[in-house]
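The values are calculated or read from the model by the stated rules, or taken from the named source; none is laboratory data. All figures in this text were calculated on a predicted structure; none of them were measured in a lab. Quick reminder, even Gly has a Cβ in these numbers, built from the backbone with ideal geometry, and neighbours come from all protein chains shown. What goes into the accessible areas is simple: the full protein's heavy atoms, side chains included, and nothing from ligands, DNA or RNA. Shrake-Rupley method; radii C 1.70, N 1.55, O 1.52, S 1.80 Å.
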Amino acid sequence: MPRVPAGFPGGALSLQFDSWSFWLVLWPATLAALWIVSGRLVMRNAALLVASYSFYAAWDMRFLALLLFSSLVDYTLARMIEARPSQRRRFVLISIVVNLGILFTFKYFNFFLAELRSLLGLPPAPSLLIDIGVPAGLSFYTFQTLGYTIDVARGKLKAEASLLRYCCFVSFFPQLMAGPIERGRDLLPQFASLRRPEADALERYGWWIVWGVFLKAFVARGCSYFVDPCFRDPSACDATALVAAQGFFVVQLYADFAGYSAMAIGLAGLLGFRLSENFNSPLLARSVVEFLKRWHLTLTRWLRDYVFYYVHRRFGRGPWALFF
């Protein structure tokens, strides 16, 4: 999940949907490019890909190569699965190792290295990747490409022949940074035909954008003014303030994440695309299990179909069945 900027409007060119740089530069440029190439499918997809890569490069140009590499790996492996189905297990294993290897390396390598050195009583070592940072949206597009490859191996989806359409599927900018995590069978076909916004798109999807901006720019940011000081210096707060800060932090986390997802749905809808809803009022849940079922719906479905499905087949039902 991208870090919330310090204030609204955003400062420099930003991936944040609640920044002026997005609304005054990236979004108008995208609309203008799509209008120029309207009626031509390949050019429409090419314009979307350029917009998506530009959108990502505005965060950090260095990680464009990693995004492209991840796309090429699973595009190639899916084609090989379809060409040689008898070896599909091997190709899926390669996809899992490559994708999860990248995810582990950038997100958890430094943490586990530090813990291992501490366990062995060794002095701290310089973090090898600390100056590189974590690629924005890494978890989301990793799960999306990995799910696509598994679906092809299971015979639920034909391998995409067009590299252009596949790269659009992986990098589609409204949902690239924070989801929702889309399935190949849902999003890929939308790049195979010219999709025009619905007649009431502005009314229908405009409210998603307004709601998302409200959640991120006002609710999440408003909570941060109380949460940040308490978390920064807990000793300066009494017990009541610390308990309240914990509650506000949950609201802040939800508003930031759900707000981004809402804007993603709205922006995609204005371009003629449909994305999945990602939250179902989780703060109104009456139990922890119900909360988990309402929170980050696309991730829950991903875990159900690609992790717990396999566990269930190999080991039978278990406590995880409560959540799915």
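A 1.4 Å probe, protein heavy atoms only, puts the accessible area of Cys167 near 10 Å². Evaluated with a Cβ-only charge set (Lys, Arg +1; Asp, Glu -1), the stretch 171-295 carries a dipole of roughly 360 debye about its Cα centre, given to the nearest 20.
Working note: Karplus 6.51/-1.76/1.60 with θ = phi - 60° gives the stretch 212-225 the couplings x, 4, 4, 4, 6, 7, 10, 5, 4, 5, x, 5, 5, 5 Hz, where Gly and Pro are set to x.
By the rule of a C-alpha distance below 27 Å, with chain neighbours fewer than 8 residues away ignored, the lysines paired with Lys156 are Lys293.
Using a probe radius of 1.4 angstrom, the carbon and sulfur fraction of the accessible surface of the stretch 218-318 is 61%. Computed from label points 7 Å out along Cα-Cβ, the spacing between Asp186 and Ile96 is 2.3 nm. Between Leu202 and Arg286, residue separation times 0.36 nm minus the direct Cα-Cα distance comes to 26.8 nm. Here the Karplus relation 6.51 cos²θ - 1.76 cosθ + 1.60, evaluated at θ = phi - 60°, turns the backbone of the stretch 54-61 into coupling constants of 5, 4, 6, 5, 5, 7, 6, 4 Hz, with x for every Gly and Pro.
Of interest is the spacing of the C-alpha centroids, which for the stretch 43-93 and the stretch 134-190 amounts to 8 Å.
Using the Cβ of Ala245 as centre and a radius below 14 Å, the other residues enclosed give a net charge of -2, where K and R count +1 and D and E count -1.
Rolling a 1.4 Å probe across all protein chains gives Leu292 an accessible area of roughly 70 Å².
Report the gain in length on full extension from Phe109 to Phe231: 0.36 nm times residue separation, minus Cα-Cα distance, nm rounded to one decimal.
Between Phe109 and Phe231, full extension yields an extra 41.4 nm.
If you look at the Cα atoms of the stretch 35-116, you get an Rg and a Dmax of 17.4, 57 Å. Local charge for Lys156 was computed over the other residues whose Cβ lies under 12 Å away, with Lys and Arg +1 and Asp and Glu -1, and equals +1.
For the stretch 70-79, 3J(HN,Hα) computed residue by residue from phi via the Karplus equation (6.51, -1.76, 1.60; θ = phi - 60°) reads 4, 5, 5, 4, 6, 4, 5, 5, 5, 5 Hz, glycine and proline entered as x.
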